[in-house]
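Student: Below you will find the structure I want to go over with you.
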Amino acid sequence: MLSWQPTTGIEQLSLVNRQRAWVEIDLKALAHNVRQIKQIISPATELMAVVKADAYGHGAVTVAQTALAHGASVLAIATLAEGIELRQAGINAPILILGAINTAEEIKAVAAWQLEPTICNPQQALIFAETLARSQKNLAVHLKLDTGMSRLGTNWQSATEFVRLVQQLPYLSIASIYSHLATADELDPTIMKLQQQRFQSAISQLKLNHLTPPCLHLANSAATLSDRSLDYDLVRVGLALYGLYPASHLQSTVALKPVLQLKAKITQVKQIAAGTGVSYGHHFVADQDLTIAVVGIGYADGVPRHLSNRLKAIVRGQLVRQIGTITMDQLMLDVSDLPNLQPGEIVTLIGKDGDFVISADDWANTLNTISWEILCGFKHRLPRVNI
């Protein structure tokens, strides 16, 4: 008779996390990237780790803790909920909310959790001041100027009036003034330099009017890797933290290590005859007898359906092709060249195995998109396993 013994909580968690598919997060690689970036920026420049969108799919709390432990001093997120998650985890570092906050209820929560919001225009500043006056709470805020992104922010030419207004409002203290670059990842620096000139012009006018802010920042990952004149008082680094380059021409600037790997397990191995269709729509039909492996991961996990019949994977250190339409929870591989493959063997979809490496950039290039979108697409039903 078979006997069953319950496992410990840790063993159960490990089993569940790797039951079908998971994302591995290499915290040593993350720490390496933080240190590398710190080495190339100006000594007086602080590093802001951008951990919005669950740290680009890597796990915001763990990434924030690791980044702060290895040289970052400030964090940036996009939403109020993301900031609260970090505070609830016991993170006390300054946290900048990059997105816009507009309602009294949101402002009260921002103040209660001591987050640092972005003020984009005078109307928003007035709402903040009115709301904070009721509770008599002070709040550090960051003012955003639009220098050419045409997204959030007050026009750079109105910076003096904007800053003067906020300085006169009660309960608001200006922590920084910043802007965002639209083309820092492109080879042609013309627009980036124009934005820098506009930002510098706005700052010069502020200084002439004795409105000098305590902190200035402009550089994203691409600017941080390309131009020291853009460092200012801090740099906002997202993608580079995670070991990817915003553009191929920046790969020689610093040695980064990818932090994320995507893995799944084979759930069945079977033989199919020539002429057999595979998956929905039979968009792949075998032209010869094949051995196929069914893998427990699909588009509900963040593997784009448009990669169907174009995706590669690594099994036993060998590159294999994906065949048929990627389904919600599963996909199929042609493993005809791998003898005696068994259920439970691991498939690497992003990462390194043997001599082969598949990156988020590879997926992005195939889909004519960007690696940011790939990383942010991995759903929460994929456990994050720190290694």
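The values are calculated or read from the model by the stated rules, or taken from the named source; none is laboratory data. Just so you know, these numbers come straight off a predicted model, no measurement behind them. Ideal geometry is used to build each Cβ from the backbone, glycine not excepted, and the neighbour counts take in all protein chains shown. Keep in mind that these areas ignore ligands, DNA and RNA; they rest on the heavy atoms of the full protein, side chains included. Shrake-Rupley method; radii C 1.70, N 1.55, O 1.52, S 1.80 Å.
Student: Condition first: in a helix (DSSP H, G or I) and open to solvent by less than 50 Å² (accessible area, probe 1.4 Å). Now tell me which residues in region 230-265 satisfy that. Before the answer, list the steps.
Tutor: Taking region 230-265 and keeping what is in a helix (DSSP H, G or I), we get 230, 239-242, 248-250.
Once the filter is applied, which keeps residues that are in a helix (DSSP H, G or I) and open to solvent by less than 50 Å² (accessible area, probe 1.4 Å), region 230-265 yields L230, L239, A240, L241, Y242, L250.
Student: Between residues in region 74-103 that are in the same structural domain as I177 (by the TED database) and part of a loop (DSSP other than H, G, I, E, B) and residues that are open to solvent by 20 Å² or more (accessible area, probe 1.4 Å) and hydroxyl-bearing (S, T, Y), which pairs lie under 7 Å by C-beta distance while being six or more apart or on different chains?
Tutor: Final answer for the pair search is A93/S73.
Student: Scanning region 125-174 for residues that are of a type in the set (D, E, K, R) and open to solvent by 40 Å² or more (accessible area, probe 1.4 Å), which turns out nearest to N102 (Cα to Cα)?
Tutor: Filtering region 125-174 down to residues of a type in the set (D, E, K, R) leaves 130, 134, 137, 144, 146, 151, 161, 164.
Still in the running and open to solvent by 40 Å² or more (accessible area, probe 1.4 Å): 130, 134, 137, 151, 161, 164.
Numbers: E130: 12, R134: 16, K137: 17, R151: 16, E161: 20, R164: 20 Å.
So, considering only residues that are of a type in the set (D, E, K, R) and open to solvent by 40 Å² or more (accessible area, probe 1.4 Å), the one nearest to N102 (Cα to Cα) is E130.
Student: Could you give every pair whose Cβ atoms fall below 7 Å, whose first residue belongs to region 300-313 and is in the same structural domain as H283 (by the TED database), and whose second residue is in a helix (DSSP H, G or I) and at pLDDT 95 or above, counting only separations of at least 6 or pairs across chains?
Tutor: Listed pairs, sorted by first residue: P304/L367; R305/Y299; H306/L367; L307/W363; L307/T366; L307/L367; R310/T366.
Student: Would you mind stating whether S204 is at pLDDT 95 or above, of a type in the set (S, T, N, Q) and within 30 Å of Q136 (Cα to Cα)? Let's see the steps before the verdict.
Tutor: Values: at pLDDT 95 or above: yes; of a type in the set (S, T, N, Q): yes; within 30 Å of Q136 (Cα to Cα): no.
Considered against the rule, which asks whether it is at pLDDT 95 or above, of a type in the set (S, T, N, Q) and within 30 Å of Q136 (Cα to Cα), S204 comes out as no.
Student: In region 248-276, which residues are assigned by the TED database to the domain that holds I346, more than 23 Å from T366 (Cα to Cα) and either among the hydrophobic types (A, V, I, L, M, F, W, C) or in contact (Cβ under 8 Å) with a residue 24 or more places away in the chain (or both)?
Tutor: K265, I266, T267, Q268, V269, K270, I272, A273, A274 - these are the residues of region 248-276 that are assigned by the TED database to the domain that holds I346, more than 23 Å from T366 (Cα to Cα) and either among the hydrophobic types (A, V, I, L, M, F, W, C) or in contact (Cβ under 8 Å) with a residue 24 or more places away in the chain (or both).
Student: Criterion first (under 17 Å from L206 (Cβ atoms), of a type in the set (A, V, I, L, M), touching a Gly at 6+ places or on another chain (Cβ under 7 Å) and without any contact (Cβ under 8 Å) to a residue 60 or more places away in the chain) does L145 satisfy it?
Tutor: Numbers: under 17 Å from L206 (Cβ atoms): yes; of a type in the set (A, V, I, L, M): yes; touching a Gly at 6+ places or on another chain (Cβ under 7 Å): yes; without any contact (Cβ under 8 Å) to a residue 60 or more places away in the chain: yes.
So L145 fits the description; yes.
Conditions (1) open to solvent by less than 10 Å² (accessible area, probe 1.4 Å); (2) in the same structural domain as A360 (by the TED database); (3) in contact (Cβ under 8 Å) with a residue 40 or more places away in the chain, marked per residue:
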residue	(1), (2), (3)
I37	yes, no, yes
S42	no, no, yes
A49	yes, no, yes
A53	no, no, yes
H58	yes, no, yes
V61	no, no, no
Q65	no, no, no
L68	no, no, no
G71	no, no, no
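Student: Sticking with this one: For residues that are small (G, A, S) and more than 14 Å from the chain's Cα centre (by Cα), scanning just region 223-251, find the one that is nearest to I40 (Cα to Cα). Reasoning before the result, please.
Tutor: If we filter region 223-251 for residues that are small (G, A, S), which is where we start, we get 223, 226, 229, 238, 240, 243, 247-248.
Now drop any that are not more than 14 Å from the chain's Cα centre (by Cα), which leaves 223, 226, 229, 247-248.
On the way: A223: 12, S226: 10, S229: 12, A247: 17, S248: 18 Å.
Here the residue is S226.
Student: Which of (1) assigned to a helix (DSSP H, G or I); (2) open to solvent by less than 60 Å² (accessible area, probe 1.4 Å); (3) not β-branched (V, I, T) is the odd one out, the single condition Q205 does not satisfy?
Tutor: Single failed check for Q205: (2).
Student: Please give the strands (runs of 3 or more DSSP E) falling wholly within region 271-345 in which 2 or more residues are touching a Ser or Thr at 6+ places or on another chain (Cβ under 9 Å) and open to solvent by 10 Å² or more (accessible area, probe 1.4 Å). I'd like the intermediate steps shown before the answer.
Tutor: Numbers: elements: 290-295, 312-315, 318-323, 331-334.
Those strands (runs of 3 or more DSSP E) span 290-295, 331-334.
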